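One structure is given below, encoded as structure tokens.
The values are calculated or read from the model by the stated rules, or taken from the named source; none is laboratory data. In this text the structure is predicted, and so the values were computed from the model without any measurement. Cβ placement follows ideal geometry from the backbone for every residue including glycine, while neighbour counts extend to all protein chains displayed.
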Amino acid sequence: MTSVIERLRGDGPKFSIEFFPPRDAADEAVLWKAIRELEPYDPAYMSITYGAGGSSRDGTIRSIARVATETTLVPMAHLTAVNHTVAELRNVIGWYASVGVRNILALRGDPPGDVYGDWIPHPEGLTYAEELVRLVRELGDFCVGVSASTYGHPRSPDLETDTKYLVRKLRAGADFAIAQLFHDAEDFLRLRDRVAATGCDVPVLPGVMPLTTLRTLQTTIKLSGAPAPRKLLDRLEPLADDPKAFRAAGIDVITELCERLIAEGVPNLHFYTFNRSKATREVIARLGLVPARA
Ligand code: FAD
């Protein structure tokens, strides 16, 4: 099975796609429609989140197994330490391997129900993503990714401390990092520079979400952990009552952001699809990233 890092090698920018697991049959149909619509575009890899925002863990395991066996896509499974003993984590990692998933995004995760609530590790579990990176590495020949926060993790006292622990996590055996959503390409490039300045050459990939509705803008603001810049709000908020115009402007904003990132040499753009394919297909078409056969 090809690894994510192998897929990132080679010429030209690439893109990848992230989904969340389905909760019921209707969700599952929506997810698989999006997966099948994006498959011919040959993304570098696809990933499925784990327990994020109350989504089902079984759903992650079932969906990633199906992707590994029924599609041409390179699958990456997310995994978090939330409410898991080390024995359970070993079990899930072994299960991923048994269905042919060799790429894992190793995350600490957030406290259930409240992203900013107190983090209480499981008494027989792990405290930081760094430990999960080591555990995955110990258990086999996996390609391991981690998360990075463009504006610093909400629990980090300052950017310096945040960078210190991010680099420790990368040096613990991560092959790449994916940055949380951000508003301005320059903000991501500063994160990349902070990591490079420590002498760490592990690639950091930008996380991107097409802004198609006011709700996607609000989700981006929430997930980024930083207020949106005035110039972005001035461009989009006046269009809030005109969904068509908002969508067109939002896709323009994200296309311009991606163009700047590509000009700065990012090897891959990681799209949060929210289980819909249309907006991602539009942006990658405008960026010229669609393979001829699609
Ligand atoms: P960590 O790297 O462990 O960091 C957490 C905090 O601890 C930070 O403040 C860090 O600076 C600090 N820290 C780290 N190591 C140490 C140390 N050794 N000593 C002291 N302090 C330390 N969540 C989900 O629940 N499911 C998902 O599928 C999911 N997918 C994601 C995908 C992407 C691309 C991204 C960017 C995030 C995703 N998340 C997901 C969210 C993620 O779980 C949260 O951001 C979580 O709050 C932090 O996880 P982490 O792995 O970055 O934690």
State the number of residues belonging to the range 46-62 that are within 12 Å of the ligand (Cβ to nearest atom), on the phi < 0 side of the Ramachandran plot and either exposed (fewer than 15 other Cβ atoms within 10 Å of the Cβ) or touching a residue at least 40 places away in the same chain (Cβ under 8 Å) (or both). 3
Being within 11 Å of the ligand (Cβ to nearest atom) and either at pLDDT below 95 or over 20 Å from the mean Cα position of the chain (by Cα) (or both) is the filter here, so list the residues in the range 82-113 that pass it. VAL82, ASN83, GLY109, ASP110, PRO111, PRO112
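Conditions tested, residue by residue: (1) touching a Phe, Trp or Tyr at 6+ places or on another chain (Cβ under 9 Å); (2) buried (at least 24 other Cβ atoms within 10 Å of the Cβ).
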{"residue": "TYR128", "(1), (2)": "yes, no"}
{"residue": "CYS143", "(1), (2)": "yes, no"}
{"residue": "GLY152", "(1), (2)": "no, no"}
{"residue": "ARG155", "(1), (2)": "yes, no"}
{"residue": "LEU159", "(1), (2)": "yes, no"}
{"residue": "PHE182", "(1), (2)": "yes, yes"}
{"residue": "GLU186", "(1), (2)": "no, no"}
Conditions (1) surrounded by fewer than 21 Cβ atoms within 10 Å (Cβ to Cβ); (2) within 11 Å of the ligand (Cβ to nearest atom); (3) in a loop (DSSP other than H, G, I, E, B) -> TYR165 fails only (3)
Checking the condition in contact (Cβ under 8 Å) with a residue 60 or more places away in the chain, in a loop (DSSP other than H, G, I, E, B) and either within 13 Å of the ligand (Cβ to nearest atom) or among the small types (Gly, Ala, Ser) (or both), which residue from GLY173, GLY152 passes? GLY152
Tell me, yes or no, whether the range 229-239 has at least one residue that is surrounded by 12 or more Cβ atoms within 10 Å (Cβ to Cβ), free of Cβ contacts under 8 Å to residues at least 12 places away in the same chain and under 22 Å from PHE15 (Cα atoms). no
Expected output for the range 118-129 (first residue more than 9 Å from the ligand (Cβ to nearest atom), partner in a loop (DSSP other than H, G, I, E, B) and among the hydrophobic types (A, V, I, L, M, F, W, C), Cβ below 7 Å, 6+ apart or cross-chain) is GLY125/ALA81
